[in-house]
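S.K.: Input: one structure, supplied below.
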Amino acid sequence: MSMQDPISDMLTRIRNAQKANFVSVVMPGSKMKCSIAKVMKEQGYIESFKQEMVDKKPVLELQLKYYQGKPVIANVKRCSRPGLRVFKKFNEIPVVKAGLGISIISTSKGVMTGQQAKLQSLGGEVICILS
């Protein structure tokens, strides 16, 4: 059976792993998932990530981050999905929790935070929101 929304699967695995207080989570890898993980690491939401080949298939492993025993990612929400794509112009990109959270945007220059996209005057697909 094929997976319909791999990014949503990634976010759900992260959410479930943090609720169970796991140190790391493993999932099938892809370039898009790796780009999202890179943004999450740069913004301090995860410790680290690595992508490797296992049985000729890419596997992505994320090291989750906790602060005082609580997960750093309090809330993660998928915005754009295969059945309903959400595109925003640079001046319409949502501000998450008055700047305390981030939105991850897929632009023509790559995957970045909403704040970085606004600074570069780039719009794109709103992938998810983290807080």
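S.K.: Of the options 98, 16, 120, report the single residue whose Cα projects farthest towards the positive end of the charge dipole of the chain (beta-carbon charges: Lys, Arg +1; Asp, Glu -1).
M.R.: Final value for the positive-end residue is 98.
S.K.: Identify the trypsin sites (Lys or Arg not before Pro) of region 73-125 meeting these criteria: DSSP loop state and at most 16 other C-beta atoms within 10 Å of the C-beta.
M.R.: Within region 73-125, the qualifying trypsin sites (Lys or Arg not before Pro) (loop, at most 16 other Cβ atoms within 10 Å) are 85, 89, 109.
S.K.: Treat every Asp and Glu Cβ in region 6-88 as -1 and every Lys and Arg Cβ as +1, leave all other atoms uncharged, and give the resulting dipole magnitude about the Cα centre to the nearest 20 debye.
M.R.: So the magnitude is around 380 debye.
S.K.: Which angle between 0 and 90 degrees, to the nearest 10, do you get for helix 31-42 versus the longest principal axis of the chain when only C-alpha atoms count?
M.R.: The answer is roughly 80 degrees.
S.K.: Right, next: Scan around residue 29 for amide H atoms under 5 Å from its own, H built in the peptide plane at 1.01 Å from N, and keep only partners 5 or more places away or cross-chain.
M.R.: Excluding prolines and chain starts, which carry no amide H, the hits are 59, 60.
S.K.: Tell me which residues come under 5 Å, amide H to amide H, from residue 24 once H is placed; ignore anything under 5 positions away on its chain.
M.R.: Distant-sequence amide H within range of residue 24: 64.
S.K.: Please express the Cα-Cα pair-distance distribution P(r) of the chain as a list of whole percents, one per 5 Å bin, running from 0 to the bin with the greatest distance.
M.R.: Each 5 Å bin holds this share of Cα pairs: 2, 10, 21, 23, 20, 14, 7, 2, 0.
S.K.: Compute the angle between helix 6-19 and the longest alpha-carbon principal axis of the chain, please, reported from 0 to 90 degrees and rounded to the nearest 10.
M.R.: Here the helix axis deviates by roughly 60 degrees.
S.K.: Calculate one ³J(HN,Hα) per residue across region 88-98 by plugging θ = phi - 60° into the Karplus curve 6.51 cos²θ - 1.76 cosθ + 1.60, and present them in order as whole Hz with x for glycine and proline.
M.R.: Values per residue, Gly and Pro as x: 10, 6, 4, 8, 10, 5, x, 9, 9, 6, 6 Hz.
Taken together, the values in this text are just the output of simple stated rules run on the coordinates, not laboratory data. In this text the structure is predicted, and so the values were computed from the model without any measurement. Please note: Cβ atoms are built from the backbone with ideal geometry, for glycine as well, and neighbour counts cover all protein chains shown.
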